[in-house]
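Shown next, in structure tokens, is the structure this report addresses.
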Protein chains: 6
Amino acid sequence: MPIVHFSRRYHFSSSHRLHVDALTEEQNYATFGKCNTPRGHGHNYVLELTVRGPVHPETGMVADMVSLKQAVQERVLTRFDLQNLNCDPVFADLVSSTENLCRVAWKLLDDVVTSPAVLEQVRIEETSNNSFEYAGKEN
Amino acid sequence: MPIVHFSRRYHFSSSHRLHVDALTEEQNYATFGKCNTPRGHGHNYVLELTVRGPVHPETGMVADMVSLKQAVQERVLTRFDLQNLNCDPVFADLVSSTENLCRVAWKLLDDVVTSPAVLEQVRIEETSNNSFEYAGKEN
Amino acid sequence: MPIVHFSRRYHFSSSHRLHVDALTEEQNYATFGKCNTPRGHGHNYVLELTVRGPVHPETGMVADMVSLKQAVQERVLTRFDLQNLNCDPVFADLVSSTENLCRVAWKLLDDVVTSPAVLEQVRIEETSNNSFEYAGKEN
Amino acid sequence: MPIVHFSRRYHFSSSHRLHVDALTEEQNYATFGKCNTPRGHGHNYVLELTVRGPVHPETGMVADMVSLKQAVQERVLTRFDLQNLNCDPVFADLVSSTENLCRVAWKLLDDVVTSPAVLEQVRIEETSNNSFEYAGKEN
Amino acid sequence: MPIVHFSRRYHFSSSHRLHVDALTEEQNYATFGKCNTPRGHGHNYVLELTVRGPVHPETGMVADMVSLKQAVQERVLTRFDLQNLNCDPVFADLVSSTENLCRVAWKLLDDVVTSPAVLEQVRIEETSNNSFEYAGKEN
Amino acid sequence: MPIVHFSRRYHFSSSHRLHVDALTEEQNYATFGKCNTPRGHGHNYVLELTVRGPVHPETGMVADMVSLKQAVQERVLTRFDLQNLNCDPVFADLVSSTENLCRVAWKLLDDVVTSPAVLEQVRIEETSNNSFEYAGKEN
């Protein structure tokens, strides 16, 4: 069966602050610059999920877009949209960088599509010029 | 010789309806939702072809953009732009999903570039938030 | 009080066919070209509403975005998204051009915001290169 | 002399919270919804300035882009980029809505171009679907 | 009859150099900065024409898009696309600023639509952050 | 450690001419068409760098965005922005095609990130419809 990738974009607006408690104020500023500003800043994030799977011979589809949308809404958008990421328990001991946000999204959505389709990649745009991708790989 | 990927985007506007004749009305609606509406709906599709090949040592190019454009115009755009996809013979027994549209475009364009360049991937954006990719792979 | 314009974009995907019953087949083709193809074609339309009004001195807002979204959903998106425009009664005797779609949207949404805010303009993008605006003006 | 409008876009990322101290918690939530979440959220704002003026007969320009950029950097971007808008003194008693942010930007930049050119309009995109314009008009 | 604005975007890629022969090298650099570099630089220009007119009661259209496209192709795109603007006779004694390019396009296209429709405005994007508009007005 | 890809976009505007000295005028035109116009044309190029690396366990980052930006500014943007590519020594004997521009950017930036992160890919958009990628591979 032919293998197709399907990608879908979702949007959410959140605030965050890059900060490591174990570092001094100076070290934090040296590491994160203005992204360490105490009261935080924010972004219009774009989350793009890529699903890989065989095209169903009858329906012509790789994944059910409606159930995917519901799961992303429940697990990610309701949780992070119009919120401060740093206040979420998952970022209690984890810098709320977009690299880490990709990893968090991957864990929340890893099983979001049903076999034989699989989640291939999570991509998050932080601004129109910055983006990050995570595909569940470790080195 | 250095290997470069070249991608080019083309635009067409078509209508379609997601529908399987072998399913009942209820089953079709359960599978495709409003995309099963009898008289169809439509999209501004973006077709992006990616070609992979060595950079020609004299001309500095991977592929001839003019002949590529002509072939895409003749084989794909003239055929599908401002048309109803479901009326095309290729979709007589095939759901006109964008997954299948990618496969159809791949078959029509597989030999569109001359060796040593090869067609690497067909990508189609259905909306600004939905896209699909096919690279000729079977599982 | 300061006057601010607020614009909000909504998305829907529909099919249509440009056709005048009173014209012959040849006249229709001469007028509309391939946009007259019998089974139609389609677009990802973007509807942008512009509201003009004074900034509320306490809330700092010109209009209530939530009630606006609900009205647009009920009056326009539910009605036209994933549908064939030509099948809608409003286009029974009216060419489903985007010029006319702007006029239809204006009539459906003219009273959508509450005084002192007013609907200033309806703008519809048919493709990324074509757009139309209507502001309720007659000549 | 011919009159031309020149528009230039600038980008900044900030957090904010829509909240009126004089309202109760319930009233704030009824007015602003999730945009009232205590720890705030954020956006990638796009500030677009439009300048109107005669084309200089020798240089062919309406305004000096370099001095404009410096002024916007000093007066707006350095102040708000990667910051929490609510912490800025200008928003101490003013809701940090994008309507009000337009008014603040107008006041900070009103004299930014030298005669005979004038600032015509301030436009701020809050998200890719929401934008606001202020042209210094009162009703 | 209802009045609608129709806007259409066209694309061309040209090079240019901002330079005034009557100024010294130092004066040119002080005025135009790196845009005065002797061998020039270039842009992907976007030309957006806005036409205003009554909606034709039978065809539902404001202007004939096909004849408009042909005129823009013949008068503007064939002339400037993939060319150096400074080599065109119209810029022999005129700085090839985008302000002036708007004025040139206006003169070339002023009569491009047939009455009762009229050309309302020429807008040119020089980059994704810079744009210019000319509507035939003098002060 | 989790492996994340980070991509960052940079913008520059340059002119160029596709031309091979060893070919006749006719051969050059047959190969490059209007892109061979003697005085050249230009583009708003977008350079997108993709860096691959492990997420630092403390800072949550893959690469230092500030030092990356400085290096790209010094090595690429200052050199090519608002310039004619053909006048740069690197294109003295090399066609200034975007394929070759990708290779040049790769060589200039190959060591731009510090281990364990690596430069994964250089991608350049020549226009909104054309893009090229180079990942340092030879065939």
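The values are calculated or read from the model by the stated rules, or taken from the named source; none is laboratory data. Here the structure is a predicted model, which means the values were calculated and not measured. Note: ideal-geometry Cβ built from the backbone for every residue, glycine included; neighbour counts use all protein chains shown. Each accessible area value is taken on the protein alone, full model and side chains, heavy atoms only, with ligands, DNA and RNA left out. Shrake-Rupley method; radii C 1.70, N 1.55, O 1.52, S 1.80 Å.
Computed values, structure above
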read-out: Pairs of Cα atoms farther than 26 Å apart, the range E:3-134, %; value: 29
read-out: Net charge contributed by nearby residues that have their C-beta within less than 15 Å of C:Gly42 (K/R +1, D/E -1); value: -2
read-out: Hz values of 3J(HN,Hα) by residue in the range C:34-42 - Karplus curve (6.51, -1.76, 1.60), Gly and Pro given as x; value: 5, 5, 9, 3, x, 7, x, 8, x
read-out: Residues with amide H under 5 Å from that of A:Val4, placed H, sequence gap 5 or more; value: A:Gly53, A:Val55
read-out: Residues whose placed amide H lies under 5 Å from that of D:His11, excluding near-sequence neighbours; value: D:Leu47
read-out: Cβ-derived FRET efficiency at R0 45 Å, D:Lys107 paired with F:Arg9, nearest 0.05; value: 0.90
read-out: Gap separating the Cα centres of the range D:1-45 and the range C:12-42, nearest whole Å; value: 44
read-out: GNM flexibility winner over chain F from F:Arg39, F:Arg103, F:Arg52 (Cα, springs under 10 Å); value: F:Arg39
read-out: Distance in nm between pseudo-label sites at B:Gln73 and E:Val118 (7 Å out along the Cβ direction from Cα); value: 3.7
read-out: ³J(HN,Hα), Karplus 6.51/-1.76/1.60, whole Hz, each residue of the range B:74-85, x for Gly, Pro; value: 5, 8, 10, 5, 4, 6, 10, 5, 6, 10, 9, 4
read-out: Residue of B:Asp81, B:Asp21, B:Asp110 that the Gaussian network model of chain B assigns the largest fluctuation, springs spanning Cα pairs under 10 Å; value: B:Asp21
read-out: Average partner coverage of D:49-57, which counts Cβ from other chains inside 10 Å; value: 3
read-out: Position F:Gly33, label points 7 Å along Cα→Cβ, spacing to each other copy in nm (shortest first, one decimal); value: 1.8, 3.4, 4.0, 4.0, 4.7
read-out: Helix-only CD estimate at 222 nm, as mean residue ellipticity for the protein assembly as shown, using -39500 (n - 2.57) per DSSP H run (n ≥ 4); value: -6000 deg cm²/dmol
read-out: Averaged over B:4-14, number of beta-carbon atoms from partner chains that fall within 10 Å; value: 6
read-out: Chain D Cβ-axis minimum, rotational copy E, residue and distance in Å; value: D:Ser128, 8
read-out: Placed amide H near C:Val62: partners under 5 Å, 5+ positions off or other chain; value: C:His56
read-out: For B:Glu120, label point 7 Å along C-beta direction: distances to other copies, nm; value: 1.4, 1.4, 4.3, 4.3, 4.5
read-out: Accessible-area value, D:His41, 1.4 Å probe, nucleic acids and ligands omitted, Å²; value: 0
read-out: For F:Pro54, inter-copy label distances in nm, listed shortest first [label point 7 Å out on the Cα-Cβ vector]; value: 3.8, 3.8, 6.3, 6.7, 7.4
read-out: The range D:116-123 - phi-based ³J(HN,Hα) in whole Hz, Karplus 6.51/-1.76/1.60, Gly and Pro as x; value: x, 6, 9, 6, 9, 6, 10, 10
read-out: Rg [Å, one decimal], Dmax [Å, integer] - the protein assembly as shown, C-alpha atoms; value: 26.9, 80
read-out: Label-point gap, in nm, between D:Lys137 and A:Leu23 - each point 7 angstrom along Cα→Cβ; value: 4.8
read-out: Average partner coverage of B:91-103, which counts Cβ from other chains inside 10 Å; value: 4
